Amino acid sequence: MLFHKLLLPLVLILPVEPLAHSANLVQNGSLEDLNGQWVNTNANYMSLLAGATAIANWTVSAGTTNEIVWAKSPTSDNHNAADGVFFVDLTGFGSDSPNGAIQQTLANLIIGQSYAFSMDVEFVGSVPMVTVGGTTIAMTAGTPFTVGIDTWTPETGSFIAASTNPLLKIANQQAGQSVDFIDNISVTGPAAVPEPAALTLVISGGILGLARRMRSGRAASGRPTFRE
(Lines give C-alpha, C1' and ligand atoms only; values in the text may rest on other atoms or scores of the structure.)
Protein backbone atom coordinates (compact mmCIF):
# COMPACT_ATOMS: atom_id res chain seq x y z
CA MET A 1 0.00 0.00 0.00
CA LEU A 2 1.03 3.64 -0.49
CA PHE A 3 0.83 4.03 3.31
CA HIS A 4 3.78 1.66 3.78
CA LYS A 5 5.75 3.35 1.01
CA LEU A 6 5.43 6.68 2.78
CA LEU A 7 6.60 5.35 6.13
CA LEU A 8 9.97 4.10 4.86
CA PRO A 9 11.29 7.51 3.73
CA LEU A 10 10.17 8.97 7.07
CA VAL A 11 12.44 6.57 8.95
CA LEU A 12 15.38 6.99 6.57
CA ILE A 13 15.49 10.79 6.59
CA LEU A 14 14.98 11.22 10.33
CA PRO A 15 17.96 13.33 11.52
CA VAL A 16 20.31 11.89 14.14
CA GLU A 17 22.11 14.30 16.47
CA PRO A 18 25.90 14.39 15.97
CA LEU A 19 28.29 13.15 18.65
CA ALA A 20 28.79 15.67 21.45
CA HIS A 21 32.29 16.87 22.31
CA SER A 22 33.61 16.01 25.76
CA ALA A 23 33.86 18.94 28.15
CA ASN A 24 37.19 19.89 29.67
CA LEU A 25 37.19 18.64 33.27
CA VAL A 26 40.06 20.97 34.18
CA GLN A 27 38.88 24.31 35.53
CA ASN A 28 40.69 27.31 33.99
CA GLY A 29 43.01 25.12 31.94
CA SER A 30 44.45 28.16 30.14
CA LEU A 31 45.54 29.67 33.48
CA GLU A 32 43.74 32.98 32.93
CA ASP A 33 43.34 35.76 35.51
CA LEU A 34 39.65 35.10 36.16
CA ASN A 35 39.58 36.83 39.56
CA GLY A 36 41.79 39.85 38.85
CA GLN A 37 44.61 38.58 41.07
CA TRP A 38 47.58 39.02 38.75
CA VAL A 39 50.20 41.60 39.80
CA ASN A 40 53.32 42.48 37.80
CA THR A 41 56.05 41.42 40.23
CA ASN A 42 58.79 41.76 37.62
CA ALA A 43 58.89 41.95 33.81
CA ASN A 44 55.23 40.83 33.41
CA TYR A 45 55.76 37.85 35.73
CA MET A 46 54.09 37.35 39.09
CA SER A 47 55.94 35.40 41.78
CA LEU A 48 53.79 32.78 43.55
CA LEU A 49 54.91 30.85 46.63
CA ALA A 50 53.76 27.45 47.86
CA GLY A 51 50.07 27.54 48.81
CA ALA A 52 49.23 30.53 46.60
CA THR A 53 45.76 30.45 45.02
CA ALA A 54 45.93 33.58 42.84
CA ILE A 55 45.45 31.52 39.65
CA ALA A 56 41.73 30.73 39.71
CA ASN A 57 41.03 27.03 40.41
CA TRP A 58 44.74 26.25 40.94
CA THR A 59 47.04 26.03 43.97
CA VAL A 60 50.83 26.21 44.01
CA SER A 61 51.75 22.83 45.48
CA ALA A 62 53.01 22.51 49.04
CA GLY A 63 56.75 21.88 49.11
CA THR A 64 57.47 24.10 46.11
CA THR A 65 60.94 25.56 46.65
CA ASN A 66 61.14 29.33 46.30
CA GLU A 67 58.45 30.23 43.72
CA ILE A 68 56.84 29.60 40.38
CA VAL A 69 55.91 32.53 38.14
CA TRP A 70 52.61 33.36 36.49
CA ALA A 71 53.26 35.19 33.23
CA LYS A 72 51.20 37.64 31.21
CA SER A 73 51.66 37.92 27.43
CA PRO A 74 53.76 39.48 26.16
CA THR A 75 56.39 39.38 28.89
CA SER A 76 59.22 41.90 28.85
CA ASP A 77 61.39 39.25 27.19
CA ASN A 78 58.68 38.68 24.54
CA HIS A 79 57.27 35.32 25.63
CA ASN A 80 53.62 34.55 24.85
CA ALA A 81 51.00 32.09 26.06
CA ALA A 82 50.05 29.10 23.92
CA ASP A 83 46.37 29.81 24.60
CA GLY A 84 44.77 32.99 25.91
CA VAL A 85 46.93 35.58 27.70
CA PHE A 86 48.50 33.85 30.72
CA PHE A 87 50.83 30.89 31.25
CA VAL A 88 53.04 29.48 34.03
CA ASP A 89 56.79 28.86 34.33
CA LEU A 90 57.27 26.12 36.91
CA THR A 91 60.96 27.01 37.37
CA GLY A 92 60.21 30.45 38.79
CA PHE A 93 62.65 33.24 37.96
CA GLY A 94 65.52 31.61 36.12
CA SER A 95 66.08 28.25 37.82
CA ASP A 96 64.80 29.23 41.27
CA SER A 97 62.58 26.20 41.79
CA PRO A 98 63.74 22.63 41.12
CA ASN A 99 60.28 21.28 41.97
CA GLY A 100 57.76 24.05 41.27
CA ALA A 101 54.26 22.63 40.79
CA ILE A 102 50.58 23.57 40.50
CA GLN A 103 47.58 21.39 41.24
CA GLN A 104 43.81 21.14 41.30
CA THR A 105 41.29 18.48 42.26
CA LEU A 106 39.30 17.01 39.38
CA ALA A 107 35.62 16.38 40.05
CA ASN A 108 33.09 13.67 39.25
CA LEU A 109 35.28 11.23 37.35
CA ILE A 110 34.01 7.69 36.83
CA ILE A 111 36.16 5.03 38.47
CA GLY A 112 37.58 2.67 35.87
CA GLN A 113 36.91 5.09 33.00
CA SER A 114 39.75 6.13 30.68
CA TYR A 115 40.48 9.87 30.40
CA ALA A 116 42.73 11.84 28.05
CA PHE A 117 45.16 14.48 29.32
CA SER A 118 46.79 17.22 27.25
CA MET A 119 48.79 20.40 27.78
CA ASP A 120 51.05 22.70 25.77
CA VAL A 121 54.63 23.00 26.99
CA GLU A 122 57.85 24.85 26.23
CA PHE A 123 60.89 23.67 28.13
CA VAL A 124 64.66 23.31 28.14
CA GLY A 125 65.50 20.01 29.79
CA SER A 126 62.76 17.61 30.89
CA VAL A 127 59.04 17.75 30.13
CA PRO A 128 57.00 18.54 33.28
CA MET A 129 55.81 15.54 35.27
CA VAL A 130 52.04 15.03 35.39
CA THR A 131 50.36 12.91 38.05
CA VAL A 132 46.70 12.12 38.64
CA GLY A 133 45.88 10.65 42.02
CA GLY A 134 49.62 10.16 42.57
CA THR A 135 50.11 8.10 39.40
CA THR A 136 52.44 9.50 36.74
CA ILE A 137 51.05 9.89 33.20
CA ALA A 138 53.32 8.89 30.31
CA MET A 139 53.44 11.77 27.84
CA THR A 140 53.72 11.80 24.04
CA ALA A 141 54.82 14.90 22.12
CA GLY A 142 52.71 16.24 19.28
CA THR A 143 53.46 18.71 16.50
CA PRO A 144 55.12 21.94 17.75
CA PHE A 145 53.62 25.32 16.89
CA THR A 146 54.90 28.85 17.26
CA VAL A 147 53.47 31.89 19.00
CA GLY A 148 55.83 34.83 18.46
CA ILE A 149 59.29 33.70 19.59
CA ASP A 150 57.90 30.70 21.48
CA THR A 151 57.73 27.13 20.24
CA TRP A 152 55.03 25.27 22.12
CA THR A 153 54.58 21.50 21.93
CA PRO A 154 51.34 19.67 22.72
CA GLU A 155 51.91 16.77 25.13
CA THR A 156 49.25 14.11 25.53
CA GLY A 157 48.64 11.05 27.68
CA SER A 158 45.87 9.04 29.31
CA PHE A 159 44.91 7.54 32.63
CA ILE A 160 42.31 5.31 34.23
CA ALA A 161 40.39 7.03 37.02
CA ALA A 162 41.02 5.28 40.35
CA SER A 163 38.82 7.73 42.30
CA THR A 164 36.04 10.20 41.59
CA ASN A 165 38.01 13.28 42.72
CA PRO A 166 41.73 12.72 42.07
CA LEU A 167 44.41 15.39 42.44
CA LEU A 168 45.96 16.61 39.19
CA LYS A 169 49.52 17.87 39.71
CA ILE A 170 51.98 19.29 37.16
CA ALA A 171 55.57 19.71 38.36
CA ASN A 172 59.04 20.70 37.23
CA GLN A 173 61.15 17.59 37.68
CA GLN A 174 64.66 18.79 36.87
CA ALA A 175 66.83 20.88 39.18
CA GLY A 176 68.56 23.73 37.37
CA GLN A 177 66.03 23.80 34.54
CA SER A 178 65.52 27.41 33.47
CA VAL A 179 62.41 27.14 31.25
CA ASP A 180 59.37 24.99 32.00
CA PHE A 181 56.34 26.78 30.54
CA ILE A 182 52.89 25.15 30.68
CA ASP A 183 49.50 26.23 29.29
CA ASN A 184 46.22 24.98 27.77
CA ILE A 185 45.70 22.06 30.15
CA SER A 186 42.79 19.66 29.68
CA VAL A 187 41.30 16.37 30.84
CA THR A 188 38.50 14.88 28.76
CA GLY A 189 36.48 11.69 28.73
CA PRO A 190 34.80 9.94 25.78
CA ALA A 191 32.23 11.81 23.68
CA ALA A 192 28.58 11.33 24.56
CA VAL A 193 26.38 9.48 22.05
CA PRO A 194 22.60 9.58 21.51
CA GLU A 195 20.71 6.95 23.51
CA PRO A 196 19.42 4.19 21.16
CA ALA A 197 16.16 3.94 23.13
CA ALA A 198 15.55 7.68 22.77
CA LEU A 199 16.20 7.50 19.02
CA THR A 200 13.70 4.60 18.70
CA LEU A 201 11.08 6.64 20.54
CA VAL A 202 11.53 9.55 18.16
CA ILE A 203 11.10 7.28 15.11
CA SER A 204 8.11 5.49 16.63
CA GLY A 205 6.48 8.77 17.62
CA GLY A 206 6.75 10.06 14.05
CA ILE A 207 5.20 6.92 12.60
CA LEU A 208 2.36 6.81 15.12
CA GLY A 209 1.62 10.48 14.61
CA LEU A 210 1.35 10.00 10.84
CA ALA A 211 -0.94 6.97 11.31
CA ARG A 212 -3.26 8.98 13.56
CA ARG A 213 -3.48 11.82 11.03
CA MET A 214 -4.35 9.33 8.29
CA ARG A 215 -7.14 7.75 10.33
CA SER A 216 -8.50 11.19 11.18
CA GLY A 217 -8.50 12.16 7.51
CA ARG A 218 -10.42 9.07 6.49
CA ALA A 219 -13.05 9.61 9.20
CA ALA A 220 -13.62 13.24 8.23
CA SER A 221 -13.98 12.63 4.48
CA GLY A 222 -15.81 9.32 4.61
CA ARG A 223 -13.33 7.80 2.18
CA PRO A 224 -9.71 6.58 2.41
CA THR A 225 -7.08 9.28 2.30
CA PHE A 226 -4.57 6.96 0.61
CA ARG A 227 -5.19 4.42 -2.16
CA GLU A 228 -3.37 1.15 -2.78
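The values are calculated or read from the model by the stated rules, or taken from the named source; none is laboratory data. Predicted model only: the values in this text are computed from it and were never measured. Cβ: placed from backbone, ideal geometry, glycine included. Neighbour counts: every protein chain shown.
Numbers for the structure displayed
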read-out	value
Candidate set: region 60-81, residues that are in a loop (DSSP other than H, G, I, E, B) and hydrophobic (A, V, I, L, M, F, W, C); chosen: the one nearest to ASN184 (Cα to Cα)	ALA81
Qualifying positions in region 100-154 - among the charged types (D, E, K, R) and touching a residue at least 60 places away in the same chain (Cβ under 8 Å)	ASP120, ASP150
Pick from region 158-174, criterion hydrophobic (A, V, I, L, M, F, W, C) and assigned to a loop (DSSP other than H, G, I, E, B), ranking: nearest to the chain's Cα centre (by Cα)	ALA161
Single residue of ALA107, ALA62, ALA50 found to be modelled with pLDDT of 95 or more, farther than 21 Å from GLU32 by Cα and surrounded by fewer than 20 Cβ atoms within 10 Å (Cβ to Cβ)	ALA62
Scan of region 139-163 for residues that are under 16 Å from ILE182 (Cα atoms) and among the aliphatic types (A, V, I, L, M), ordered by number	MET139, ALA141, VAL147, ILE149
Failed item, numbered, when THR151 is tested on (1) at pLDDT below 95; (2) farther than 30 Å from ALA107 by Cβ; (3) among the polar types (S, T, N, Q)	(1)
Residue match in region 40-59 (condition: part of a strand (DSSP E or B) and within 22 Å of VAL187 (Cα to Cα))	yes
Condition check for PRO74: at pLDDT below 95 and out of contact with any Asp or Glu (no Cβ under 9 Å at 6 or more places or on another chain)	no
Residue in region 153-166 that is buried (at least 19 other Cβ atoms within 10 Å of the Cβ), of a type in the set (A, V, I, L, M, F, W, C) and closer than 26 Å to ASN44 by Cβ present	no
Breaking point among (1) at pLDDT 95 or above; (2) farther than 20 Å from ALA71 by Cα; (3) not hydrophobic (A, V, I, L, M, F, W, C), for GLY189	(1)
Options ALA23, ALA101: the member that is modelled with pLDDT under 95 and closer than 25 Å to THR135 by Cβ	ALA23
